[in-house]
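Student: Could you have a look at this structure, given as structure tokens, before my questions?
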Amino acid sequence: MMTDEPRNHRGFMTILAVVCILTVPFPFVGRSASFWLGLPIWLWWSLTWTCVLAVLTAWGFFRFWRDDDDG
């Protein structure tokens, strides 16, 4: 039986939601496309925040998901 889950930690879930929203490149809407290393800057923005979201999610699972028999 699960005794601890990430959804029980409001701070973690809030940060996760904010980072999830940041994956959408809203700051680049309506701007002309600038490129870096052959890719649009908005794509770099989205890829960076998606990687942050993946690492944060993995960290939360390892940090907060505990079973009764975990030490």
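Student: Report, ordered by the first and then the second residue, all pairs with beta carbons closer than 7 Å, sequence separation of six or more or different chains, a first member in the range 1-17 that is modelled with pLDDT under 65, and a second member that is loosely packed, with under 10 Cβ neighbours inside 10 Å and assigned to a loop (DSSP other than H, G, I, E, B).
Tutor: Met1/Asp68; Thr3/Asp68
Student: Across the range 42-71, what is the total count of residues that are at pLDDT below 90 and either touching a Ser or Thr at 6+ places or on another chain (Cβ under 8 Å) or acidic (Asp, Glu) (or both)?
Tutor: Within the range 42-71, residues that are at pLDDT below 90 and either touching a Ser or Thr at 6+ places or on another chain (Cβ under 8 Å) or acidic (Asp, Glu) (or both) number 5.
The values are calculated or read from the model by the stated rules, or taken from the named source; none is laboratory data. These figures come from a predicted structure and were not determined experimentally. Here Cβ is always computed from backbone atoms with ideal geometry, including for glycine, and neighbour counts include all displayed protein chains.
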